[in-house]
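Right, one structure below, let's go through it.
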Amino acid sequence: MTIPIVTTCNYVTLVGGGDLESTTLNDVLKIAPYLVAADGAADVALSFNAIPEAVIGDFDSLSADARETIPQDRFFHIAEQNSTDFEKCLSRIEAPLVLALGFMGARLDHELAVYSVLMRYPERRCIVVGECDICLHVPEGISLELAPGTRVSLFPLGQVTGKSTGLRWPIEGIEFAPNGRIGTSNEATQARVTLDFAGPGMLLILPRHCLGAVIAAIAPSQE
């Protein structure tokens, strides 16, 4: 059993070492003020004048400057090499919501590994936030307020079926699979879109501006 390192009632911003703009980090920190860095992403945080509350990883990419700047009691070394730094972090964060930045748009193998981790930890509410898109695993169901015309993409990581309302192309009766039928480039036709799945395995991909709608749908209020 994995022992939590971070336990908080606040939303958490988890920073990785991929593409990240300062405006994105600042915007997300306003929503999720508790900052955690995955290994060498501590240097990314410091470059934006943000000091993480915790740094978790195997520390193979952590700079000496980060070690000197960040208080020593905020470093949590996980030596094993059987998991990625993203998994080391997500599996050890207990929070109402994790917003993961810097995990899209750089190395494709790292990004694909992130999506695999999302599927293997369905109990963790986590949204991966990029410069253009957001992505999350939807293990069962979700109800979203979206503007008609919004792009709604579904990508299965396993065999999964479901049903929907408010989409241009309903998904009921479709057997999704990564090597078969996928559901990218669908579109909202109503102000509320609902998705219900028979089990885990479906990634939901939406434009970045839908972040607030997704948070409202999956996470409890911090108030």
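Determine whether Phe103 is aromatic (Phe, Trp, Tyr) and over 24 Å from His137 (Cα atoms). Steps first, answer last, please.
Details: aromatic (Phe, Trp, Tyr): yes; over 24 Å from His137 (Cα atoms): no.
No; evaluated as a whole, the condition is false for this residue.
Within the stretch 178-211, which residues are over 21 Å from Gly105 (Cβ atoms), surrounded by fewer than 15 Cβ atoms within 10 Å (Cβ to Cβ) and among the small types (Gly, Ala, Ser)?
Gly180, Ala191, Ala198, Gly199
Val28: under 14 Å from the mean Cα position of the chain (by Cα), surrounded by 17 or more Cβ atoms within 10 Å (Cβ to Cβ) and at pLDDT 95 or above, yes or no?
Against the criterion (under 14 Å from the mean Cα position of the chain (by Cα), surrounded by 17 or more Cβ atoms within 10 Å (Cβ to Cβ) and at pLDDT 95 or above), Val28 qualifies.
Of all residues being of a type in the set (Val, Ile, Thr) and crowded, with 19+ Cβ neighbours inside 10 Å in the stretch 47-63, which is farthest from Ala37 (Cα to Cα)? Just the residue, please.
The selected residue is Ile56.
Within the stretch 118-127, does at least one residue satisfy the condition of being buried (at least 16 other Cβ atoms within 10 Å of the Cβ), touching a residue at least 40 places away in the same chain (Cβ under 8 Å), in a loop (DSSP other than H, G, I, E, B) and of a type in the set (Lys, Arg)?
Yes, there is a match, as at least one residue in the stretch 118-127 is buried (at least 16 other Cβ atoms within 10 Å of the Cβ), touching a residue at least 40 places away in the same chain (Cβ under 8 Å), in a loop (DSSP other than H, G, I, E, B) and of a type in the set (Lys, Arg).
For the stretch 3-116, please list each of the strands (runs of 3 or more DSSP E) lying entirely inside it that holds at least 2 residues being closer than 23 Å to Ala216 by Cβ.
Working: elements: 12-15, 34-38, 54-57, 75-77, 98-101.
Here the list reads 12-15, 34-38, 98-101.
Let me confirm something: among Ala54, Ala37, Ala113, Ala66, which residue is in contact (Cβ under 8 Å) with a residue 12 or more places away in the chain and within 24 Å of Leu157 (Cβ to Cβ)? Don't jump to the end; show me each part of the working.
On the way: Ala54 fails: within 24 Å of Leu157 (Cβ to Cβ); Ala37 fails: within 24 Å of Leu157 (Cβ to Cβ); Ala66 fails: within 24 Å of Leu157 (Cβ to Cβ).
Answer to the selection: Ala113.
If Arg120 meets every condition in (1) under 21 Å from Ala198 (Cα atoms); (2) not assigned by TED's automatic domain parsing to the domain that holds Ile31 apart from one, which number is that one?
In the conditions (1) under 21 Å from Ala198 (Cα atoms); (2) not assigned by TED's automatic domain parsing to the domain that holds Ile31, Arg120 misses (2) alone.
Across the stretch 128-153, what is the number of residues that are in contact with a helix residue (DSSP H, G or I) (Cβ under 7 Å, 6 or more places away or on another chain), in a strand (DSSP E or B) and over 22 Å from Gly102 (Cα atoms)?
Number satisfying all stated conditions: 4.
The values are calculated or read from the model by the stated rules, or taken from the named source; none is laboratory data. This one's a predicted model, so the numbers in the text were calculated from it and none came from an experiment. Neighbour counts run over all protein chains shown; Cβ positions are idealised from the backbone, glycine included.
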